[in-house]
1. Can you tell me how segment 130-206 classifies by the Cα gyration tensor, rounded, prolate or oblate, using a/c under 1.5 as the rounded cut?
2. For segment 179-256, which GluC sites (Glu not before Pro) pass both filters: DSSP loop (anything but H, G, I, E, B) and at most 12 other C-beta atoms within 10 Å?
3. For helix 14-29, report the angle its Cα long axis makes with the longest principal axis of the Cα atoms of the chain; keep it between 0 and 90° and round to the nearest 10°.
4. Taking +1 at the Cβ of each Lys and Arg and -1 at the Cβ of each Asp and Glu, which of ALA246, LEU209, LEU293 sits farthest along the dipole of the chain towards its positive end, judged by Cα position relative to the Cα centre?
5. Please give the contour-minus-distance gain from GLN31 to ILE259: 0.36 nm per residue of separation, less the Cα-Cα distance, rounded to one decimal in nm.
6. Compare GLY338, GLY348, GLY49 in a GNM of the chain, Cα atoms joined below 10 Å, and give the one with the largest fluctuation.
7. Beyond 25 Å between alpha-carbons counts as too far, so tell me which of LYS174/LYS298; LYS29/LYS255; LYS72/LYS255; LYS193/LYS216; LYS22/LYS362; LYS40/LYS336 fall in that bin.
8. Farthest toward the dipole's positive end in the chain, which of LEU109, ALA21, HIS157, given Cβ charges of +1 (Lys, Arg) and -1 (Asp, Glu) about the Cα centre?
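The values are calculated or read from the model by the stated rules, or taken from the named source; none is laboratory data. If you're wondering where the values come from, they're calculated on a predicted model, not measured in any experiment. Glycine gets a Cβ as well: all are built from the backbone with ideal geometry, and neighbour counts include every protein chain shown. Note: areas computed on protein heavy atoms with side chains; ligands, DNA, RNA excluded. Shrake-Rupley method; radii C 1.70, N 1.55, O 1.52, S 1.80 Å.
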Amino acid sequence: MPQHERYPVLEIDTQAIYSNAKAIVQLCKEQGIDVAGVFKGVNGIAGIGAVLEDAGCHQIASSRIDQLAAYKRLSPQTQTMLLRLPMASEVPFLPLGVDISLNSERSTLQLIDGVFRCENRLHRVVLMMDLGDLREGFFDEEELIETALWVEWELEHVELEGIGVNLGCYGSIKPTEENLSHLVDIARRIEAKIERKLNIVSGGATSSLPLVYDGKMPQGINHLRIGEGILLNMDLPVYWDVMHPALTDDTMRLKAQIIEIKNKPSMPIGEIFIDAFGHTPIYIDKGTRKRALIGLGKQDFAMEDKLLPMTQGMSIIGSSSDHLIVDLTECSEDFKVGDVVAFRIFYGPMLHLCTQQGVEKKLL
Ligand SMILES: *Cc1c(COP(=O)(O)O)cnc(C)c1O
């Protein structure tokens, strides 16, 4: 192992992400759907944004203005999309880097109109409809339609780009032909009133991809906002049992170094009270086990149950702020202190690892 290697390191295979993005953009294109490539999960790493763009994503999207503004400085011609409804305090910063934002509040739209009036520029908005997931969006369809007409006819510096929905983020509601057809119906009603087509009817995120794979996406949905499915492609294969053959789930590897290996009992000794986070875990007595301590912890990955060891037989026992404890008893490999072990990761750890200063991000 070269001496200069620093751990933990998150290795990001840009070629694999490119090939996932390219495949998803192509599948969507065949069904008349544009893709916004979402890079908030990697803390807006510009190199990843560039990969998404090269692969044909129509916009680069994030929930955070600072990530979009930084990207815009490097690539002024890129269309950017803000995914979280802008807070009043950040509306003045929209002109720095956001072309399109998702919205659901008139007062915010009014503020946006004012800011872009001062700039003598236009801002495009996608109005969000809540179809049951209960995070953002108008819950009342008539109110969304009235607001759309108000934007179209009354706001001079805000353009109605389209409508959209978010599903499966809070309420775990599955995108279906029924709920997405409803979104298309609403779009058609607005179009009939404004006498033009909406540019965007945005049918959700990664969780909407199975409808695309099955050719069941309702006609009229012409836009999706995809992050996880491109960056990791772990959720659909693992939680939905949907594995598209053109996609890989080997886009990122977390590598960290072993700092201790010892045989220890599996039951803590003494009176069991609470752990570092105020919880009392259940410990199962499996006798003496060969355990390794690895130099990273909850501060880096937040959730140890969303890490998958890539070593056969290795299992995760637990973690604290700065330590991960694994069981090596069933591993055939003969690990030593200083050895490096690798993990696949789900979305939660990706998000935390990418914002963590002490974790090196290595683009391969
Ligand atoms: C994060 C986000 C997305 C992307 O979600 P993925 O599951 O990563 O594809 C899309 N839309 C909105 C509004 C988001 O906040």
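1. The shape class here is prolate.
2. Within segment 179-256, the qualifying GluC sites (Glu not before Pro) (loop, at most 12 other Cβ atoms within 10 Å) are GLU195.
3. The two axes meet at around 40 degrees.
4. LEU293
5. 77.0 nm
6. Ranking GLY338, GLY348, GLY49 by mean-square fluctuation puts GLY338 first.
7. Too far apart for the 25 Å limit: LYS174/LYS298; LYS29/LYS255; LYS72/LYS255; LYS193/LYS216; LYS40/LYS336.
8. It is ALA21.
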